[in-house]
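The values are calculated or read from the model by the stated rules, or taken from the named source; none is laboratory data. In this text the structure is predicted, and so the values were computed from the model without any measurement. Counting neighbours? That spans all protein chains shown, and the Cβs are built from the backbone with ideal geometry, glycine included. Heads up: the accessible areas ignore ligands, DNA and RNA and are worked out on the full protein's heavy atoms, side chains in. Shrake-Rupley method; radii C 1.70, N 1.55, O 1.52, S 1.80 Å.
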Amino acid sequence: MKLNTIATALTLIALGTSFSACEDYLNQEPLSSVSPEQYFTDASQLLAYVDGQYASVLPGNNYGYYRLGDQYTDNQIYYTVEDRFVEGEWKVSHSDDGNWTFSNIYYLNYFLSQVLPKYGDAADGSDCTISGTLSEIRHYIGEVYMLRAFEYFTRYQGMGDFPIITEPLADDMEVLTEASCRYPRNEVARFILSDLDKAISLMGDVDMATTRLNADAARLFKSRVALYEATWLKYFKGTAFVPGNSLWPGAAKDYNADFTFQAGSIDQEIDWFLSQAMEAAQMVAEKYKGQLTENTGHVRQSDCNYDNPYFTMFGSEDLSSVGEVLLWRQYVQGVSTHGGCIGANEGNWGCGLSKAYVQNFLMADGSPVYTHGTYAYGDGYYMGDQTIADVAVNRDTRLSDFLKIPGQENILEGTTTKDVWFTEPTPWIYSGDEQRRSFTGYLISKGGTYGADQLTDVWKGSTGLVIFRAAEALLNYMEACYEKNGSLDGSAREYWALLRQRAKVDTDFDKTIAQTDMTKEAENDWAAYSAGQLIDATLYNIRRERRCEFLSEGLRDMDLHRWRAMDQLIDNPWIPEGIHLYGTPQVNDYEDGVLIYDSDNANVSSPSDSEYLRPFRVKGSHIAYKGYIWKMAHYLEPININQMMVTSTDGSDTSTSPIYQNPYWPTTADAPAEK
């Protein structure tokens, strides 16, 4: 553990100025400084400090090509490959902290250590000595509790067991070493939920703009955290990845000698977390189920010049009036901008949907694609995948709304001198320009816009970014209900029908379940498995609904981990594929000599390998030529060696450190996972 990471000496505190209602709360620049004695005495100072933490803690990237939670999964394929999917490439670092970092936690703890004494002991804040409106003061304190919860959730997803630190620590080796003891993961999850409960209580008194954290966003996030831990405990039960058994590496540490699950047993602990998830999710779902953004099911073109609200929810500058959106990041032209709109217009910047993802979406009548012939050749209702346009016909509109079709109009308003694609071209599957290369041939427009004003330069986009939306509450409740009870109650069934109705899919999900062939689903979806075994059709279709609803919104990797959905890759590597290229009309869209294969100069995979584009099999030397592999260790990150050495008794023997390594990772730098 680096002393300057966990205990940065904070002697200067951010001083804020006043903010207008349209201020971008999620993107504040660093503020000037004063001493702590002069600070945290007025609500405006609390506001300024809290605003300064937003950008460090909350996500700030855009859809698809930026959201790392999708681009390195079975949903989307990026032109680079993460080390975790390549044999022997992910290794224990000597000094790279990864998610073992405490800087943001320190700053949030510092705020609480300074503000809570001034807030006073009365729960309602009646003895608060901070100047300003009490409801706003309470809200800002609540925001910090939620930010700390968000930060802890990020760290514990990567690390599992993690130190729980609630005070800004002194730069003292003995204090820091003791603080580095890892709490069992379920206790970390309970700590996160506790922070969220405090946040909900404090933020419930005042309505803020949805560019600020709020009580409903905290409830939604609480359901996410509780569902995460419940399903992790269930699917990793009895392994080294959960406490309470001899395989767990934490069992070897004296400070864990008295560990017991607070609920009694691991099964009772799972049940408790599922109950927490259901309760929090239902509170949000019931409030917002009538405010789901309308989806017309139409892609706007010049011959039907009207917007699809579901599409524009992901590509508008102002989301303040969108009821479904509980929290969003605001961008402002000339102040804080992004490259998302250009990325959506061009080739998704080297990131494309996988064939497996495209095939996984249901037909509009609720039936799986494979009930209508083969994936390649449909029965006339499913049109097959001979062209990109064909695969979108009669499908779940969450695919057809966002799948880019060659010949489609991309820009309908304004002009720009930027070299952008006013009309969608034939996919540039061969291009060496990674910014415009269509890596799989399947591109999306999610996060895009029809206005040329967002496309004047690469980093000039100012559309808002959705962080939390209420649809997740419906999905969290459905899944938690089924995991807890083995059946769906009336609320879960209602929520599922509402989501499918919005997607223009037949609401009779029982019919879909009856038609589901899990061996077929396993061809296209890692989440057909948990712990290497196929799951039942009902649970699978709940997972499918989640996968389709959150297209490129960054939740897929989180879900795959908590479901333990990658064990099957240990013995059966997964080869990413894209569009059906060879033996289809699509190959004729390319000029002779553009596509080169079976050559040292190859730029596409060979038809002798597959009729489908295989972007990592262009040349045999590619590190992912044999497909994505997996190791059990890869469900968690390794802790770097330096962290263990500096907290060991003699500075060199890692076994004497209170920090233990994550399962199946060695305590030797530059070594790959053992299993």
Note to self: I'd like the full set of residues that are assigned to a loop (DSSP other than H, G, I, E, B) and open to solvent by less than 10 Å² (accessible area, probe 1.4 Å), limited to segment 458-471.
What the structure shows: 462, 463, 464, 470
Check: Any residue at all in segment 165-177 that is within 21 Å of residue 44 (Cα to Cα) and either at pLDDT below 95 or out of contact with any His (no Cβ under 9 Å at 6 or more places or on another chain) (or both)?
Finding: no
Check: Which of (1) assigned to a helix (DSSP H, G or I); (2) of a type in the set (D, E, K, R); (3) out of contact with any Cys (no Cβ under 6 Å at 6 or more places or on another chain) is the odd one out, the single condition residue 385 does not satisfy?
Finding: (1)
Notebook entry, point to check: Among the residues of segment 358-414, which ones are more than 24 Å from residue 549 (Cβ to Cβ), at pLDDT 95 or above and touching a helix residue (DSSP H, G or I) at 6+ places or on another chain (Cβ under 7 Å)?
Noted result: 384, 386, 387, 406
Notebook entry, point to check: Just one of the numbered conditions (1) part of a helix (DSSP H, G or I); (2) in contact with a strand residue (DSSP E or B) (Cβ under 6 Å, 6 or more places away or on another chain) is not true of residue 88; which one?
Noted result: (1)
Notebook entry, point to check: Out of (1) open to solvent by less than 40 Å² (accessible area, probe 1.4 Å); (2) polar (S, T, N, Q); (3) modelled with pLDDT under 95; (4) on the phi < 0 side of the Ramachandran plot, the odd one out for residue 435 is which?
Noted result: (1)
Checklist line | Subset tally (residues that are of a type in the set (A, V, I, L, M) and open to solvent by 20 Å² or more (accessible area, probe 1.4 Å)) for segment 579-589 | finding: 1
Next item on the list: Could you tell me whether segment 121-144 includes any residue that is closer than 25 Å to residue 171 by Cα and either open to solvent by less than 10 Å² (accessible area, probe 1.4 Å) or in a helix (DSSP H, G or I) (or both)?
Entry: yes
Notebook entry, point to check: Quick one: would you say residue 474 is among the hydrophobic types (A, V, I, L, M, F, W, C) and surrounded by fewer than 24 Cβ atoms within 10 Å (Cβ to Cβ)?
Noted result: no
Check: Which ones in segment 80-112 are in contact with a Gly (Cβ under 9 Å, 6 or more places away or on another chain), open to solvent by 40 Å² or more (accessible area, probe 1.4 Å) and of a type in the set (S, T, N, Q)?
Finding: 80
Margin query: If I ask for residues that are among the acidic types (Asp, Glu), open to solvent by 10 Å² or more (accessible area, probe 1.4 Å) and modelled with pLDDT of 95 or more, which ones from segment 178-201 would you list?
Written below: 187, 197
Note to self: Step by step: first the residues of segment 247-297, then only those that are open to solvent by less than 80 Å² (accessible area, probe 1.4 Å) and basic (Lys, Arg), then the one that is farthest from the chain's Cα centre (by Cα). Which residue is that?
What the structure shows: 253
Checklist line | Residue check, residue 335 open to solvent by less than 40 Å² (accessible area, probe 1.4 Å) and not aromatic (Phe, Trp, Tyr) | finding: no
Next item on the list: Kindly check whether there is at least one residue in segment 347-361 that is in a loop (DSSP other than H, G, I, E, B), in contact (Cβ under 8 Å) with a residue 24 or more places away in the chain and surrounded by fewer than 21 Cβ atoms within 10 Å (Cβ to Cβ).
Entry: no
Item checked: Residue that is modelled with the highest pLDDT, among those in segment 239-269 that are farther than 14 Å from residue 663 by Cα, aliphatic (A, V, I, L, M) and in a loop (DSSP other than H, G, I, E, B) -> 263
Notebook entry, point to check: Which residues, taken from segment 421-434, are closer than 20 Å to residue 403 by Cβ and either touching a Leu at 6+ places or on another chain (Cβ under 6 Å) or part of a loop (DSSP other than H, G, I, E, B) (or both)?
Noted result: 421, 422, 424, 425, 426, 427, 428, 429, 431
Note to self: Going residue by residue through segment 228-238, is there one that turns out to be surrounded by fewer than 19 Cβ atoms within 10 Å (Cβ to Cβ) and modelled with pLDDT of 95 or more?
What the structure shows: yes
Next item on the list: Looking only at segment 349-356, decide whether some residue is touching an Asp or Glu at 6+ places or on another chain (Cβ under 7 Å) and of a type in the set (Ser, Thr, Tyr).
Entry: yes
